[in-house]
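Taken together, the values in this text are just the output of simple stated rules run on the coordinates, not laboratory data. Everything numeric here is computed off the predicted structure, so don't read it as measured data. Methodologically, a virtual Cβ is constructed for each residue, glycine included, from the backbone with ideal geometry; neighbour enumeration extends over all protein chains shown.
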Amino acid sequence: MRILVIEDEIYLCEALVQILKGQNYIVDFDTDGESGLDDGLTGIYDVIVLDIMLPKLNGIELLKRLRENNIKTPVILLTAKGDINDKVEGLDSGADDYLAKPFNTNELLARIRALGRRRGEISENNSVIIYNDILLNTAEMKMMSGNKEVSLTLKEKDLMEYLMINSEKVISKERIIEKLWGFNSEAEGNYVEVYISFIRKKLKLINSGTSVYTVRGAGYILKKGENNV
Ligand code: CA
């Protein structure tokens, strides 16, 4: 597995590179946003560890450009701020995971393994799931309805897949957190709300007649109807 670390704090950057190499990953690094973008755009990485505050080009902007260029490499954002707005902006820009500094390197390694595994599953598993007017291509991370289609980030795809497999059943926030972030994760209920809102926007974008409904105090349900507000 090949990992790109983009971090301008030189001691942290060097430490991360050493730790990752110690796990037998192939590791490259950059210490500013512009060179990080150049490397990220090659598409050769399995995971990118991306700091937000970077010289020349910040991590959020870098991530947006990667996604605009159809680079779907899973990205873990490193942030010094615990601010929810920062998290929402990062997730909205296509990040797959978050880690607030200072972090435990074992936690980082666990998340890298999880993202790497998923990427492996994606390339092997070219499956299509259909519910009502929605067709989800999990390999290409695309969702279609009629002649419209929209790209999904890794987490959005995982969430949509889970909702579709469990369509017309109420799923609790806790189950979604377990499914998307795993047990013992630091993920909070508002992460789920953020991703549900992304899914709704995308369902609306493709004019789908399928919606995610909030069931007060219980969770969410995917079913027929136009309610993606
Ligand atoms: Ca920084």
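Observations
- Residues with amide H under 5 Å from that of Val27, placed H, sequence gap 5 or more: Ile3
- Of all beta bridges that DSSP places with both ends in the chain, some 50 percent have antiparallel geometry.
- Listed by chain and number, the lysines placed with their C-alpha closer than 22 angstrom to that of Lys87 are Lys56, Lys64, Lys72, Lys101, Lys155, Lys157, Lys173, Lys179, Lys201, Lys202; residues fewer than eight positions away on the same chain are left out.
- Ordered by the count of other Cβ atoms within 10 Å of each Cβ, fewest first, Phe103, Phe198 give Phe103, Phe198.
- Globularity ratio of the chain, using Cα Rg and 2.2 N^0.38 Å: 1.02
- Taking every DSSP helix (H) stretch of at least 4 residues in the chain, weighting each as -39,500 (n - 2.57) and dividing the sum by the residue count yields a mean residue ellipticity at 222 nm of -13500 deg cm²/dmol.
- Tilt relative to the chain, helix 189-205 - C-alpha long axis, 0 to 90 degrees, to 10: 60 degrees
- Applying D = kT/(6 pi eta Rh) to region 153-226, where Rh is the Kirkwood radius over alpha-carbon pairs, T corresponds to 25 °C and eta to 0.890 mPa s, the Stokes-Einstein value obtained is 199 µm²/s.
- Residue-count net charge about Asn190 - beta-carbon cut-off 10 Å; Lys, Arg +1, Asp, Glu -1: 0
- Against the chain, whose longest principal axis comes from its Cα atoms, helix 154-165 is set at around 30 degrees.
- Compactness index (Cα Rg / 2.2 N^0.38 Å), region 1-87: 1.01
- Here is the P(r) of region 40-102: all C-alpha pair distances, binned every 5 Å from 0, give 4, 20, 33, 26, 12, 4, 0 in whole percents.
- Ignoring aspartates and glutamates fewer than eight residues from Lys142 along the same chain, the ones with Cα atoms less than 12 angstrom from its Cα are Glu156, Asp158, Glu161.
- Computed FRET value (nearest 0.05) for Glu193 with Ala139, which takes r as the C-beta separation and R₀ as 41 Å: 0.90
- Helix 105-124 axis, angle to the chain major axis (alpha carbon atoms, nearest 10°): 50 degrees
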